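Here is the structure we will look at.
The values are calculated or read from the model by the stated rules, or taken from the named source; none is laboratory data. These numbers were taken from a predicted model, which means no experiment stands behind them. Heads up, the Cβs are rebuilt from the backbone with ideal geometry, glycines too, and the neighbour counts pull from every protein chain shown. Ligands, DNA and RNA are stripped out before the accessible areas are found, and what is left, the full protein with its side chains, is counted by its heavy atoms. Shrake-Rupley method; radii C 1.70, N 1.55, O 1.52, S 1.80 Å.
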Amino acid sequence: MGKKSVAAAGLVLSGVLLATGCSSSDGGSGGGPHKSGGTPAQPSASASAPAPGGAEDGAASVAAYRKWGLKPLPEAPAPPARKPVRAKPGEVPVISDVPTQQKIVFVTFDDGAEKDPKFVEMMRELKIPFTMFLTDAAISGDKGYFKPLQQLGNAIQNHTLTHPNMRTESAAQQQHQICGQQEKLGKEYGKAPRLFRPPYGNWNEATRAAAKACGIQAIVLWRESMQIQNMQYQRGDKKLHPGDIILAHFRGKSELKGHTMTEMTANMLRHIQEQGFAVARLEDYV
């Protein structure tokens, strides 16, 4: 894709994201009936062990949360020895959550349009694990912004080149969108993604075939999506459940009605804390 076409794609993407958000109705088809397979992860024997550093680290953590107007989240348990999300040989699973009995959820951020330095500061201080699903047209203006976030241990995963509705793309076009972004992200960030999220949560069997051909190991949807202050739930009980995957976005004041990305993130973490959940790293389970 030439520089002119990438710039044009970025303008189109910006308009689409402003009008609709990344997910369908910002809650979208990201979850629905797709339940991850495998055996629920069991609590590790070391899950209740104190954090390294003892009281000093604990006090620093409390201070960091207080700075951002938050109460500390529970400590995440040790990752399972065997990842609970498994697929049949040759199959790319489609998941909205992870099978586990532990009170953990997984935080993900899509697109990459907003590049707020305060968000980097926030995540460095809070040490919250999260996964980035990046679109080339959204990040092309400053790909370096995401490297400090990656250096904190947060994985960069695939969200297509130009953010199309994959259901309306041909099989060849879908493969171009996924494989093309695999190549770009691998070159820029040193590692090709293992996970893929289709824009708007829209996919079909051609998407799975393209993902497999491009080296993707799982298609990741979601159960909840974060708005500005409130969380949109797919289930009728309007609650988080163990293993839920939460969708958020790299968005700024123009899309968040004057609120910043750090304010939106703080609101999301507050919902997680109030329901007694810890945040675990998605790649440790998938």
Return the residue satisfying two criteria in turn: it lies in the range 170-195 and is in contact with a strand residue (DSSP E or B) (Cβ under 9 Å, 6 or more places away or on another chain) and touching a residue at least 60 places away in the same chain (Cβ under 8 Å), and of such residues it is most open to solvent (accessible area, probe 1.4 Å).
Arg194
Do we have any residue at all in the range 201-212 that's of a type in the set (S, T, N, Q), more than 23 Å from Asp284 (Cβ to Cβ) and open to solvent by 30 Å² or more (accessible area, probe 1.4 Å)?
yes
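When the residues of the range 217-233 are filtered to those that are in contact with a strand residue (DSSP E or B) (Cβ under 8 Å, 6 or more places away or on another chain) and part of a loop (DSSP other than H, G, I, E, B), which remaining residue is surrounded by the fewest Cβ atoms within 10 Å (Cβ to Cβ)? Lay out the reasoning, then the answer.
Within the range 217-233, the first condition is being in contact with a strand residue (DSSP E or B) (Cβ under 8 Å, 6 or more places away or on another chain), and the residues that meet it are 217-226, 231-233.
When the remaining residues are screened for being part of a loop (DSSP other than H, G, I, E, B), the result is 217, 221-223.
On the way: Gln217: 15, Leu221: 25, Trp222: 27, Arg223: 25.
Among those that are in contact with a strand residue (DSSP E or B) (Cβ under 8 Å, 6 or more places away or on another chain) and part of a loop (DSSP other than H, G, I, E, B), it is Gln217.
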Tell me yes or no: at least one residue of the range 263-271 is among the aliphatic types (A, V, I, L, M), surrounded by 21 or more Cβ atoms within 10 Å (Cβ to Cβ) and closer than 13 Å to Asp97 by Cα.
no
May I ask you to list pairs of residues, at least six apart or on different chains, whose Cβ atoms are under 8 Å apart, with the first in the range 143-158 being among the β-branched types (Val, Ile, Thr) and the second being crowded, with 18+ Cβ neighbours inside 10 Å?
Ile156/Met132; Ile156/Leu134; Ile156/Phe146; Ile156/Leu185; Ile156/Pro193
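A quick yes/no check of all residues on (1) outside any helix (DSSP H, G or I); (2) of a type in the set (A, V, I, L, M):
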{"residue": "Gln182", "(1), (2)": "no, no"}
{"residue": "Gly186", "(1), (2)": "no, no"}
{"residue": "Asn202", "(1), (2)": "yes, no"}
{"residue": "Ala210", "(1), (2)": "no, yes"}
{"residue": "Arg235", "(1), (2)": "yes, no"}
{"residue": "Pro242", "(1), (2)": "yes, no"}
{"residue": "Gly258", "(1), (2)": "yes, no"}
{"residue": "Ala266", "(1), (2)": "no, yes"}
{"residue": "Leu269", "(1), (2)": "no, yes"}
Index of the failed condition, Pro242 passing every other in (1) crowded, with 17+ Cβ neighbours inside 10 Å; (2) in contact (Cβ under 8 Å) with a residue 60 or more places away in the chain:
(1)
